[in-house]
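Before any comments, here is the structure.
The values are calculated or read from the model by the stated rules, or taken from the named source; none is laboratory data. For clarity, every value in this text was computed on a predicted model and none was experimentally measured. Glycine also receives a Cβ, built like all others from the backbone with ideal geometry; neighbour counts cover every protein chain displayed. Each accessible area value is taken on the protein alone, full model and side chains, heavy atoms only, with ligands, DNA and RNA left out. Shrake-Rupley method; radii C 1.70, N 1.55, O 1.52, S 1.80 Å.
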Amino acid sequence: MRNKNLGLNEYKFLLKAAVSSGIGEQTYAPRMVFHGREACPTYEDGILEMEEFFHDSIDKLFKRNKISPCEIDVLVVNISMLATMPSMAARIINYYKLREDIKVYNLTGMGCSASLISLNIIENIFKNEKNKVALVVTSESLSPNWYSGSDRSMILSNCLFRSGGCAILLTNKLSLKNKAMFKLKQLVRVHHGAKDEAYDSCAQREDNQGNTGFHLDKKLPKAASRALVDNLKQIAPLILPIRELLRYSIAIFMKKMNWSSTKGGPKPMINFKTGVDHICLHTGGKAVIDGVGANLNLSEHDLEPARMTLHRFGNTSASSLWYVLGYMEAKKRLKKGDTMLMISFGAGFKCNSCLWEVLRDLDDGNVWKDCIDYYPPKTIVNPFMAQFGWLHDHEDPDTFTIPDDYFIS
């Protein structure tokens, strides 16, 4: 309500978006929003937001794994919408006094799929160099990207994106195998940037008033669906049993030849659960989760980790996959020998996926430890309609004003 560019119609649109978003009231936003400075963030706001996260998560990671900073051989940092000089990777190197011969990669603009791109970089390094330890740091800086205009396609990002991040250790040292939680088995990347419709579906831009924000186009679900299909075409033969691939091929052939007993019926679907025990989905939004669930014929049990992560933490961009993974771990779903398929989407437009093997039974409460017993809740309907439903009592945007005695609790 501090945004003076909004009127009654925009408030109603925001209310509808917030109510149907699948996001709860426990998510996190940058400090400058609570300080009332979202319309005029400073350069330091973005840096402080990231450094606060870096120092907390990396410190915990080193302590938990009894790893010294001087043991890190590779550092990959991905923050899509914050470019600094020196880079965020350089700031981490300076703070932890990492070695001079460290290999460093600082990724920007890769969007919500940047985590798997970081993994791919390290995977390629590990193929050529042995006994290495890599640190991946993934987050998103919302401080300089909180939208203060009135464009509906850009207001949506304020309803969806929230603060968060993750730090991950990877290694190909055999001596550290007993400490490992997962083993990377396959990784596939698909990029539809050559298709204009996909390329324009989500992008950082300025509105007509010069306000910078993140545009989410109506064509985004369609772009995501097409990228997902192309990605699954590549990874399916690598991770599914021959019998399922053969069954699906026969079903498709019979459908094309009109030999199927259910002529005009639904299109045959491949069953990824024949080769995958768990599905870890990017929390791109309720529509994205619903769409992937429908395309892969997933059960509510399969979608629960993504839905609950969206409710508790929102869309934390490239780090959201690891919050979903954390939910599975906290719920003690991940057992030794299980396989897990990660699927992420990102601006460009990209769809990346990878397959992990669980190396030991996992049950750490991690970031979920203070709330996991309350999930899944009986309902994930948020209370915003009850709090702001009075907006629908007004019809004329020209005469609408916020009551002087109205306060946000």
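Accessible area per residue was computed with a 1.4 Å probe on protein heavy atoms; ASP396 scores about 70 Å². Residue separation of CYS371 and ARG31 scaled by 0.36 nm, minus their Cα-Cα distance, works out to 120.2 nm of gained length.
Tell me, what is the percent relative contact order of the range 306-400, built from C-alpha pairs under 8 Å that lie six or more residues apart?
Details: 86 pairs, mean separation 24.9, N = 95.
Here the relative contact order equals 26 percent.
Inverting the pair-averaged 1/r between distinct Cα atoms of the range 291-409 gives 17.5 Å as its Kirkwood hydrodynamic radius. Taking the dipole about the Cα centre of the range 199-244, with the C-beta of Lys and Arg at +1 and of Asp and Glu at -1, give me whichever of HIS215, SER225, GLN204 is farthest to the positive side. Toward the positive end, the furthest listed residue is SER225.
Could you let me know the centre-to-centre spacing of the range 311-363 and the range 1-80, using Cα atoms, in angstrom? After rounding, the separation between the Cα centres reads 20 Å. Under the criterion of Cα pairs below 8 Å and six or more residues apart, the relative contact order for the chain equals 23 percent.
Report for the chain the percent antiparallel among DSSP-assigned beta bridges with both residues inside it, nearest 5.
Working: 29 of 45 bridges.
If I count the DSSP bridges inside the chain, around 65 percent turn out antiparallel.
Spin-label pair ASN94-ASP217: with each label point 7 Å from Cα along the Cα-Cβ axis, the two points sit 3.9 nm from one another. Hey, any idea what % of the chain's accessible area is carbon plus sulfur with a 1.4 Å probe? The computed percentage sits at 53.
Here the label points at ASN5 and VAL229, each 7 Å from Cα along the C-beta direction, are separated by 3.6 nm in the simple model. With contacts taken as Cα pairs under 8 Å at a separation of at least 6 residues, the range 251-409 carries a relative contact order of 20 percent. The modelled label-to-label distance between ARG152 and GLU206, using points 7 Å beyond Cα along the C-beta direction, is 2.5 nm.
Judged by the mean number of other Cβ atoms found within 10 Å, the most tightly packed of the peptides 115-127, 369-381, 280-292 leads the ranking 280-292, 115-127, 369-381. Since only PRO241, LEU281, SER320 are under comparison, the one whose Cα sits farthest along the positive direction of the charge dipole of the chain, derived from C-beta charges on Lys, Arg, Asp and Glu, is PRO241.
Among SER225, SER21, the sequence by solvent-accessible area, most first, with a 1.4 Å probe is SER225, SER21.
Counting every pair of alpha carbons in the chain, the share spaced more than 29 Å apart comes to 48 percent.
Roughly how big is the range 258-409's charge dipole about its Cα centre, with Cβ charges of +1 (Lys, Arg) and -1 (Asp, Glu), in debye to the nearest 20?
Working: 15 positive and 19 negative charges, 221 e Å.
Computed charge dipole of the range 258-409: roughly 1060 debye.
State the extension gain, in nm to one decimal, for the chain segment bounded by LEU246 and ASN131, taking 0.36 nm per residue of separation less the distance between their alpha-carbons.
Values: separation 115, 0.36 × 115 = 41.40 nm, distance 3.93 nm.
Contour length minus Cα-Cα distance gives 37.5 nm.
Charge dipole of the chain (Cα centre as origin; +1 on each Lys and Arg Cβ, -1 on each Asp and Glu Cβ, all else neutral): 2180 debye, rounded to the nearest 20.
Can you tell me the accessible area per residue over the range 105-149, all protein chains present, probe 1.4 angstrom, in square angstrom? Mind showing how you got there, number by number?
On the way: 1400 Å² over 45 residues.
On a per-residue basis, the range 105-149 sits at 31 Å².
In a simple Cβ point-charge model (Lys, Arg +1; Asp, Glu -1; nothing else charged), the range 69-208 has a dipole of about 840 debye relative to its Cα centre. Per residue, the chain reaches -11500 deg cm²/dmol at 222 nm when only DSSP H runs of four or more residues are counted, each adding -39500 (n - 2.57). Rounded to the nearest 0.05, the FRET efficiency derived from the C-beta distance between MET269 and LEU61 at R0 = 56 Å is 0.90.
Among MET81, MET181, MET50, the largest mean-square fluctuation in a Gaussian network model of the chain (Cα springs under 10 Å) belongs to MET181.
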